[in-house]
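Data block below; observations after.
The values are calculated or read from the model by the stated rules, or taken from the named source; none is laboratory data. Given the structure is predicted, the values throughout are model-derived calculations rather than measurements. Cβ placement follows ideal geometry from the backbone for every residue including glycine, while neighbour counts extend to all protein chains displayed. Only protein heavy atoms, including side chains, enter the accessible area calculation; ligands, DNA and RNA are left aside. Shrake-Rupley method; radii C 1.70, N 1.55, O 1.52, S 1.80 Å.
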Amino acid sequence: MSDTLKDSSSPNAFGASPLAQPAPPRAFWGLFDRKERWALSWRGRVILAFALVLVGALFLRGVYPFLATTHRLGADVLAVEGWVHEYAIQATADEFRSGSYRRVFTTGGPVEGIGGYINDFQTSASVAAELLKKVGVPDESLQMVPSRVMDRDRTYASAVALRNWFREHNMPVHSIDVVTEDLHARRTRLLFQKALGKDVQVGIIAVPNPDYPANRWWRYSEGVKDVISEGAAYVYAKFFFWPAREGSHHVEALKR
């Protein structure tokens, strides 16, 4: 009878107590423990792989049209970023002729390779204005608005220079269409809107890159490079760029 009571009162009679379980194996002087863990089964791995392929396909199809957005406002003022290639200059001239624009403004800072600002005529704004004249835009409709900023945030600085020009010449502008190259479009619109303010509507016109098709950009090294660089630049502009206050040395105030 006493043996039966002993057996029924022992820990092994109803299962081992958690406090009595052996410690897990350890290695490297107790720095590592071996423990049980959950892992994906073959079915889970297949589902995960399918989901990753689906997300990748959606990214490949959606990132280019997201960045290279076009949204015309039908404004009477047109602007073009001066650094664009000649195919975008020609597209700007075609846009001017087909729309109801009164003026075309070219923006941009010092041309690359000269070490910084020298004068207004050695800026991308000046270069773009001369190219637009060559493709038939009337001189009286053109106005270059150079920026003196050459370091980072050049797009924003160019938009600030344009805003300052409007103010200095008492030209009220309520809407404007901006021409730029394909993948730069969404970032350009975002930064021009920040610079011009909420009282000015900013439209955007993205000119396709003729060097690779937009629907198969991932097959071309240039397309991959452009999408990665412009995607990262847009994320920075959207979430990490905070415009400096007026009067700061970081944002120029053109004094001409």
| request: Go through the residues of the range 209-228 one by one and say whether even a single one is in contact (Cβ under 8 Å) with a residue 12 or more places away in the chain, out of contact with any Ser or Thr (no Cβ under 8 Å at 6 or more places or on another chain), crowded, with 17+ Cβ neighbours inside 10 Å and under 25 Å from residue 98 (Cβ atoms). | output: yes
| note | Output for Cβ contacts, cut-off 8 Å, separation at least six or different chains, first residue in contact (Cβ under 8 Å) with a residue 60 or more places away in the chain in the range 113-130, second part of a loop (DSSP other than H, G, I, E, B) and surrounded by fewer than 13 Cβ atoms within 10 Å (Cβ to Cβ), reads 120/256
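Here's the yes/no breakdown for (1) touching a residue at least 12 places away in the same chain (Cβ under 8 Å); (2) at negative phi; (3) touching an Asp or Glu at 6+ places or on another chain (Cβ under 7 Å):
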site	(1), (2), (3)
141	yes, yes, no
154	yes, yes, no
188	yes, yes, yes
193	no, yes, no
196	yes, yes, no
| said: residue 110 - would you say it is over 29 Å from residue 229 (Cα atoms) and either touching a Phe, Trp or Tyr at 6+ places or on another chain (Cβ under 6 Å) or modelled with pLDDT of 95 or more (or both)? | reply: no
| said: With the requirement that a residue be closer than 21 Å to residue 101 by Cα, open to solvent by 20 Å² or more (accessible area, probe 1.4 Å) and not basic (Lys, Arg), what does the range 174-195 give you? | reply: 174, 175, 193
| note | How many residues of the range 229-243 are surrounded by 12 or more Cβ atoms within 10 Å (Cβ to Cβ) and part of a helix (DSSP H, G or I)? The answer is 9
| Within the range 40-80, how many residues are surrounded by fewer than 11 Cβ atoms within 10 Å (Cβ to Cβ) and touching a strand residue (DSSP E or B) at 6+ places or on another chain (Cβ under 9 Å)? | 1
| task | Mind listing whichever residues of the range 81-136 are open to solvent by 70 Å² or more (accessible area, probe 1.4 Å) and part of a strand (DSSP E or B)? | result | none
